[in-house]
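What follows is one structure encoded as structure tokens, with my remarks underneath.
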Amino acid sequence: MAPPRRHCLLLISALGVFALNCFTKGQENSTLIFTKENTIRNCSCSADIRDCDYSLANLMCSCKTVLPLAVGRTSYNGHLTIWFTDTSALGRLLNFTLVQDLKLSLCSANTLPTEYLAICGLQRLRINTEAKHPFPEQSLLIHSAGDSDSREKPMWLHKGWQPCMYISFLDMALFNRDSSLKSYSIENVTSIANNFPDFSYFKTFPMPSHKSYVVTFIY
């Protein structure tokens, strides 16, 4: 005799919940940070969110508000996406932060100044300037994980700050142009402060000398 219809529906519902849980556990959440109206929202998302759709991010992701003064040096091993409208908060979020896979989406038509961000350990960069230029998303592979020396141990000079051997300088003025992403690297740099004296933030974040750095400029 066939089981009652109500029992079949319960069985189907249970199987659906089980399948959804298995699928969700298999997904690695990505980090989304967006700045809007002097607030910073840090979100954990299980699915990609359309760029600059703040309402959808608040609905679909687990988000919390972070005070600007509470932003400290940290590291991101997975995907990090940042939506921004100007460069004021980006320096606090990214300067000398360890990020391997980064996407930056400009969510306004503002003209950005020629400022440089210093990012540690960057392997891949993606940018989206759709709010300013009708240009497709661009991607740039800086170096692969196999290029880094796994034996290199991070050194902590200041609380909450971790230096690295691969440093990328990102020219924020590139968001004003509709040209392709470009980069070049300099290897075996032993003293970043001496070789690049115009970057004043090395006074705030001193880098140890006599290390073999790989410096990449992205423009």
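The values are calculated or read from the model by the stated rules, or taken from the named source; none is laboratory data. Here the structure is a predicted model, which means the values were calculated and not measured. No Cβ is skipped: glycine too gets one built from the backbone with ideal geometry, and neighbour counts run over all protein chains shown.
If Arg6 meets every condition in (1) at pLDDT 85 or above; (2) farther than 23 Å from Asn110 by Cα apart from one, which number is that one?
The number of the failed condition is (1).
Find all pairs meeting these conditions: Cβ atoms under 6 angstrom apart; at least six residues apart or on different chains; first residue within segment 190-219 and in a loop (DSSP other than H, G, I, E, B); second residue modelled with pLDDT of 80 or more and buried (at least 16 other Cβ atoms within 10 Å of the Cβ).
Cβ pairs passing all conditions: Phe205/Phe96; Tyr219/Asp171; Tyr219/Leu174.
Glu130 - would you say it is out of contact with any Gly (no Cβ under 9 Å at 6 or more places or on another chain) and of a type in the set (Asp, Glu)? Don't jump to the end; show me each part of the working.
On the way: out of contact with any Gly (no Cβ under 9 Å at 6 or more places or on another chain): yes; of a type in the set (Asp, Glu): yes.
Judged against the criteria, Glu130 is a match.
Output the strands (runs of 3 or more DSSP E) that fall wholly within segment 45-156 and possess 3 or more residues being at pLDDT 85 or above, surrounded by 15 or more Cβ atoms within 10 Å (Cβ to Cβ) and among the aromatic types (Phe, Trp, Tyr), or say none. First the steps, then the outcome.
Details: elements: 62-66, 75-84, 97-106, 116-120, 124-128, 138-141.
Here the list reads 75-84.
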